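The values are calculated or read from the model by the stated rules, or taken from the named source; none is laboratory data. Only a predicted model underlies this, so the values are computations on that prediction, with no experimental measurement involved. FYI the Cβ positions are ideal-geometry reconstructions off the backbone, even for glycines, and counts take in every protein chain you see.
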Amino acid sequence: MDENTQIEDSLINWNELDRDDMTKERKPGEPHRIFVLQPYIKWGPRKALHTNAELQLEESLSLVRTLKWTVVDSAIYSVVSPGKKRVFGKGNFSELTERIVDSPSLTAVFVSLDRLTSLQQKELEDAWNVDVFDRYTLVLEIFKQHARTREAKLQIALAEIPVLRSRLRMKDKNFDQQSGAQQYIGGGGETFLEVRQRVLAERELKIKKALKKLKSKRHLLRKDRESKQYPVVSVVGYTNAGKTSLIKTMTGDADLRPRNELFATLDVTAHRGTLTNGMTVIFMDTVGFISNLPHDLVASFSATLEDILVSDVIVHVRDISHPDTVAQKMNVLRVLNELGLPEKLMENVIEVCNKSDLLNEEISFVPEIGSHVISATEGTGIEELRQAIQKKALEVTDTVACTLKIPMSGSHLSWLYKEADVQQQRSLEGDSENMLVDVVMSARTQAKFRARFGPEIVVEDK
């Protein structure tokens with residue numbers, strides 16, 4: 001194991017500032033027994049659009065089930081101002097507290113807001129005497145379970161920093177109130193909590209440095225793909241919409257293992273596929289999006305999501321069997337805009353309406369003009385989608401697919417294999433000096449070919 005790997009492992013596995021477990025009954029590593037609490041904001045800028053409280057609660061329950069935690073109870077409570085110290089109004093808070101305290105088996109409460117302040121979290125944990133999670137911290141727990149690569153684990157460690165820093169600030173306030181004075185350690189005049197803050201800042205710096213190195217490696221891999229001039233198709237969508245299933249169907253990659261759970265994919269992975277005309281493309285499987293995902297959490301995965309920014313085509317996969325499919329679409333488009341996608345790239349988004357096999361009399365859906373209705377698992381509509389991706393990829397990359405007539409002798413063929421995407425070669429009946437080559441190449445490569453060998457003979461365009 002090299003020095004860089006050892007450093008990265010220490011950053012990933014560093015647990016000094018992990019959450020203090022509020023409960024005495026829960027053993028370390030034991031699944032939480034949790035109350036899922038869905039605040040319903042009736043009006044204002046934080047009111048969720050294109051959905052309702054029941055659907056929001058169902059998604060919150062799905063998040064918890066992904067962790068294999070036990071849902072003991074769930075409820076919807078209206079909230080006028082989620083910025084209040086205790087989030088809920090006096091009456092609702094009193095009712096909730098009684099309900100939670102009267103459930104001794106509970107070990108945690110999930111308040112399904114994007115982010116609680118450190119003060120809100122302390123107030124709720126003090127009142128309820130259990131761990132309190134918001135969407136940020138709960139999704140972090142899911143990410144921890146699903147992370148496979150070193151980069152994903154480091155990104156999660158980075159995303160934890162704001163949470164740990166917030167807890168330290170709250171501990172600092174409590175310490176001052178309890179002791180009445182600061183206690184110093186060492187000879188530098190730093191308090192104990194100041195030392196921990198400094199250690200945390202140093203850790204953050206090291207994580208960013210390690211991620212920067214991994215980003216450089218990713219950049220080199222991206223450059224390698226660009227040098228081969230393969231169009232890149234990023235497959236994006238709401239979590240569990242069927243992105244991995246679609247890529248498996250499009251590429252025939254037997255190693256892909258789609259899973260019916262939220263955030264099954266945490267890393268951007270590249271998969272080689274072939275379109276109708278034999279053209280090679282790279283399909284990028286990406287991290288799924290979700291509603292009310294705090295911006296800080298998205299930012300932590302920005303290096304991974306950079307691959308989307310340099311795509312040629314984006315395929316947006318929707319689960320049209322889901323009752324909240326419209327709200328899910330809006331959330332994906334909002335995050336894509338937050339990532340700063342160029343307007344031209346947004347114009348190259350192909351909308352895919354997946355899971356058509358799950359539609360029935362109770363679940364109906366009217367597709368928008370230009371979208372493609374498919375079933376990734378059944379194969380319905382896949383060929384039409386393949387052709388649509390091909391058309392868009394050829395258009396945006398200024399690429400041509402054609403059959404060339406070239407001499408059997410000379411370096412024409414070896415040059416094409418090196419610089420272009422050769423589909424196949426075949427002999428010409430009655431012509432022992434020339435051959436036919438099916439090839440896909442960019443306009444730039446075509447110009448280089450002409451400059452080197454003279455005007456090529458195009459037998460047919462595909």
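What do you reckon, is LYS228 closer than 30 Å to ILE374 by Cβ, over 24 Å from the mean Cα position of the chain (by Cα) and at pLDDT below 70? Break it down into steps so the answer makes sense when it comes.
Numbers: closer than 30 Å to ILE374 by Cβ: yes; over 24 Å from the mean Cα position of the chain (by Cα): yes; at pLDDT below 70: yes.
In short, yes.
For every residue, the table says whether it meets (1) touching a Ser or Thr at 6+ places or on another chain (Cβ under 7 Å); (2) at pLDDT 85 or above; (3) closer than 20 Å to THR249 by Cα.
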| residue | (1), (2), (3) |
| --- | --- |
| ALA270 | no, no, yes |
| LEU275 | no, yes, yes |
| HIS295 | no, no, no |
| VAL298 | no, no, no |
| LEU309 | no, no, no |
| LYS329 | no, yes, no |
| VAL335 | no, no, no |
| LEU341 | no, no, no |
| GLU361 | no, no, no |
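Under the condition of being of a type in the set (Val, Ile, Thr) and assigned to a strand (DSSP E or B), which residue from segment 384-409 is farthest from the chain's Cα centre (by Cα)?
Pass one, segment 384-409, residues of a type in the set (Val, Ile, Thr): 389, 396-397, 399-400, 403, 406.
Filter once more, so that each one left must be assigned to a strand (DSSP E or B): 399-400, 403, 406.
Numbers: THR399: 29, VAL400: 32, THR403: 39, ILE406: 45 Å.
For segment 384-409, the residue satisfying everything is ILE406.
Take ARG86 and tell me if it is at pLDDT 90 or above, outside any strand (DSSP E or B) and basic (Lys, Arg). Give the derivation first.
Details: at pLDDT 90 or above: yes; outside any strand (DSSP E or B): yes; basic (Lys, Arg): yes.
The answer is yes for ARG86.
Restricting to segment 410-428, and then to whatever is modelled with pLDDT of 90 or more and among the small types (Gly, Ala, Ser), can you tell me which residue is nearest to the chain's Cα centre (by Cα)?
Step by step, filter segment 410-428, then rank; the result is SER414.
If you take the residues of segment 325-366 that are of a type in the set (D, E, K, R) and assigned to a helix (DSSP H, G or I), which of them is nearest to ILE382 (Cα to Cα)?
So in segment 325-366, the residues of a type in the set (D, E, K, R) come out as 329, 334, 338, 343-344, 347, 351, 355, 357, 361-362.
The next check asks that each one be assigned to a helix (DSSP H, G or I); those that pass are 329, 334, 338, 343-344, 357.
Working: LYS329: 21, ARG334: 27, GLU338: 30, GLU343: 27, LYS344: 25, ASP357: 13 Å.
My answer is ASP357.
Please determine, by comparing only the residues of segment 104-120 that are assigned to a loop (DSSP other than H, G, I, E, B) and buried (at least 17 other Cβ atoms within 10 Å of the Cβ), which one is nearest to the chain's Cα centre (by Cα).
So the first thing to find is which residues in segment 104-120 are assigned to a loop (DSSP other than H, G, I, E, B), and the list is 104-107, 112-117.
Retained after the next criterion (residues that are buried (at least 17 other Cβ atoms within 10 Å of the Cβ)): 106-107, 112-116.
Values: LEU106: 31, THR107: 29, SER112: 19, LEU113: 19, ASP114: 16, ARG115: 19, LEU116: 22 Å.
Selected residue: ASP114.
Identify, from the list VAL71, VAL101, VAL80, VAL87, the residue that is crowded, with 20+ Cβ neighbours inside 10 Å and either out of contact with any strand residue (DSSP E or B) (no Cβ under 6 Å at 6 or more places or on another chain) or in contact (Cβ under 8 Å) with a residue 12 or more places away in the chain (or both).
Details: VAL71 fails: crowded, with 20+ Cβ neighbours inside 10 Å; VAL101 fails: crowded, with 20+ Cβ neighbours inside 10 Å; VAL80 fails: crowded, with 20+ Cβ neighbours inside 10 Å.
After ruling out the rest, the residue left standing is VAL87.
Of a type in the set (Asp, Glu), touching a residue at least 60 places away in the same chain (Cβ under 8 Å) and assigned to a helix (DSSP H, G or I) - does that describe any residue in segment 373-383? It would help to see each step written out before you state the result.
At the first step, the residues of segment 373-383 found to be of a type in the set (Asp, Glu) are 378, 383.
If we keep only those that are touching a residue at least 60 places away in the same chain (Cβ under 8 Å) too, we end up with 383.
If we keep only those that are assigned to a helix (DSSP H, G or I) too, we end up with 383.
Yes; the residues of segment 373-383 include at least one that is of a type in the set (Asp, Glu), touching a residue at least 60 places away in the same chain (Cβ under 8 Å) and assigned to a helix (DSSP H, G or I).
Mind checking which pairs have a first residue in segment 352-365 that is free of Cβ contacts under 8 Å to residues at least 60 places away in the same chain and surrounded by 14 or more Cβ atoms within 10 Å (Cβ to Cβ) and a second that is among the acidic types (Asp, Glu) and in a loop (DSSP other than H, G, I, E, B), Cβ under 9 Å, 6 or more apart or different chains?
CYS353/GLU368; SER356/GLU378; ASP357/GLU378
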